[in-house]
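Everything below concerns the one structure shown next.
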Amino acid sequence: MKKEIGFNKSKINYYKNYLLKTDYVVIKLAEAETREEQDAIREEYADVIAKRKRVRALINQLEAELNAN
């Protein structure tokens, strides 16, 4: 059980690090001045944006499992 908890914490840290490394995409979106710029950024970084969404869901799931134990 302790080994699993440690493994889950490591995964959470890994995923949070990924989010930190890809925050620049969100910043680019926030700084875009026009709808066209936002659309172009969303298209260019569609894979990163989708992965960030999956990673946030995984973090939430793992944190819920940790809190349940």
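Worth pointing out:
- Yes/no for Arg35 being within 16 Å of the chain's Cα centre (by Cα) and not aliphatic (A, V, I, L, M): no
- Selection from segment 1-22 of residues that are outside any helix (DSSP H, G or I), over 16 Å from the mean Cα position of the chain (by Cα) and either modelled with pLDDT of 95 or more or among the β-branched types (Val, Ile, Thr) (or both): none
- Scanning segment 28-45 for residues that are outside any helix (DSSP H, G or I) and surrounded by 15 or more Cβ atoms within 10 Å (Cβ to Cβ) yields a count of 2.
- You will find that of Leu20, Leu66, the residue that is loosely packed, with under 15 Cβ neighbours inside 10 Å, free of Cβ contacts under 8 Å to residues at least 40 places away in the same chain and closer than 26 Å to Ile5 by Cβ is Leu20 and no other.
- Among the candidates Val48, Val25, Val55, residue that is among the hydrophobic types (A, V, I, L, M, F, W, C), open to solvent by less than 100 Å² (accessible area, probe 1.4 Å), in contact with a Ser or Thr (Cβ under 7 Å, 6 or more places away or on another chain) and part of a helix (DSSP H, G or I): Val48
The values are calculated or read from the model by the stated rules, or taken from the named source; none is laboratory data. All of these numbers come straight from a predicted model, not from anything done at the bench. With ideal geometry, Cβ positions are generated from the backbone for all residues, glycine too; neighbour counts draw on all protein chains shown. For accessibility, only protein heavy atoms count, side chains too; no ligands or nucleic acids. Shrake-Rupley method; radii C 1.70, N 1.55, O 1.52, S 1.80 Å.
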